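Read the structure below first, then the notes.
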Amino acid sequence: CFVSSVLIFCEFLIYYVVIFQCRWPEVKGGAHLGKKETSTSVLKAIILADTHLLGEIKGHWLDKLRREWQMERSFQTALWLLQPDMVFILGDVFDEGKWSSPQAWADDVRRFQKMFKYPVSTELVVIVGNHDIGFHYEMTTYKVNRFEKVFNFTSGKLITRKGINFVVVNSVAMEGDGCAVCRTSEAKLVALSHRLNCSQQKPSHSNKRCSDVEKLPASEPILLQHFESTASAELVPTRKRKVKPFHKNLMVGICFLPCKCLHSRWLIWWFHPRLILSGHTHSACEVLHAGEIPEISVPSFSWRNRNNPSFIMGSITPTDFSLQKCFLPYESRVFTIYCAAGALLALLILAHFQLLTPPFYFAQRLISKHKA
């Protein structure tokens, strides 16, 4: 009973205990709205990244079993307790998608669909990452199409829910060197940018170029991508940089600023987003572009990358948003519980078989031996 209780707590109940403490953040201006109006106008989204499901080459079976169980329990518990409208996974779903064979790819997809199954009331959106199709020099049309077929992913795709515009970007294809995949992605993004910009113009300022464009909700878009953007990287060399917290519950991390940021300038110029969400760094941090556009880097969801994985909870409206971090159980604490339980179990076994000497009797024997 003792062993079973410890196992049930550490492998099942602890996820409920920890995630139950997370609360959806309140959106500014939502206080004066009625409860019914607020619940229908606010979109609740869970954002996670970098699950890195292990493949057949680098993944040990025990490591796979442990990490995938942890992520499955965390995801299913979060869905049950938080009941989000949407879930976004910002790339690097698989660890070896860039070189996996068709058979290995099918096995990885099967395991992903088992771990991250979701109810009809929740929508899942998956973004492509460099570990899914490779970095730009490894990316091929075959790998991109393979990912798109499974996850219904298209770079330059617009997702509009509750009047909120989300723009999905394949940041691996934003190298700007004119490759086939790059040209296709850029063309879709330019066309979508035109539609969004025309939709945000006032009727009095509409021009002939926007006369035949299908209008979209006039909400500034939110960009979803895998690589972090650093539009000011031409002024900041590659280095580690500490940033200020975006939210009191959104832990500050270390941002890695790469030199290549051509896609950042393009995307900010094309879309003028109000928020950018990215992954890749495995840490949570914030960068402000042009002093006003926040980009939040979402931490890794896998214990293989962090001792304290987490995800971000977002309450979003067409005009505002609020983000908050939700931590998952610390693996070091789970390990500590197991060690303490093992030590206590050993003491109980010794006491049961009367192998433990009472302290006073042990001291008496020591004194008598010393006198002798």
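The values are calculated or read from the model by the stated rules, or taken from the named source; none is laboratory data. Please read all numbers here as calculations on a predicted model, not as lab measurements. In this analysis, Cβ positions are derived from the backbone assuming ideal geometry, glycine residues included, and neighbour counts consider all displayed protein chains. Quick note on the areas: whole protein, heavy atoms, side chains included, nothing else; ligands and nucleic acids left out. Shrake-Rupley method; radii C 1.70, N 1.55, O 1.52, S 1.80 Å.
Annotations for the structure displayed:
- Among (1) among the polar types (S, T, N, Q); (2) open to solvent by 20 Å² or more (accessible area, probe 1.4 Å); (3) at pLDDT below 95, the one test that Q76 misses: (3)
- Candidates are the residues of segment 116-144 that are assigned to a loop (DSSP other than H, G, I, E, B) and of a type in the set (D, E, K, R); the one that is nearest to A78 (Cα to Cα) is K117.
- Hits in segment 79-104 - residues which are open to solvent by less than 20 Å² (accessible area, probe 1.4 Å), closer than 26 Å to E228 by Cα and not β-branched (V, I, T): P84, M86, F88, L90, G91, D92, F94, D95, E96, G97, S100
- Selection within segment 155-203 - basic (K, R) and closer than 14 Å to W270 by Cα: K188, R195
- Matching residues, segment 126-183, being touching a strand residue (DSSP E or B) at 6+ places or on another chain (Cβ under 9 Å), aromatic (F, W, Y) and modelled with pLDDT of 90 or more: F147, F151, F166
- Within segment 302-341, the set of residues being more than 29 Å from V27 (Cα to Cα), open to solvent by 50 Å² or more (accessible area, probe 1.4 Å) and of a type in the set (F, W, Y) comprises F335, Y338.
- Restricted to segment 280-308, and to residues there that are small (G, A, S) and not in a loop (DSSP other than H, G, I, E, B), the residue that is modelled with the highest pLDDT is S300.
- Among (1) at pLDDT 90 or above; (2) open to solvent by 20 Å² or more (accessible area, probe 1.4 Å); (3) in contact with a strand residue (DSSP E or B) (Cβ under 8 Å, 6 or more places away or on another chain); (4) over 30 Å from E72 (Cβ atoms), the one test that P273 misses: (2)
- Qualifying residue in segment 205-225 (condition: under 20 Å from R265 (Cα atoms), of a type outside the set (A, V, I, L, M, F, W, C) and not in a loop (DSSP other than H, G, I, E, B)): no
- Selection count, segment 149-178, where residues are surrounded by 23 or more Cβ atoms within 10 Å (Cβ to Cβ), touching a residue at least 60 places away in the same chain (Cβ under 8 Å) and more than 20 Å from R195 (Cβ to Cβ): 1
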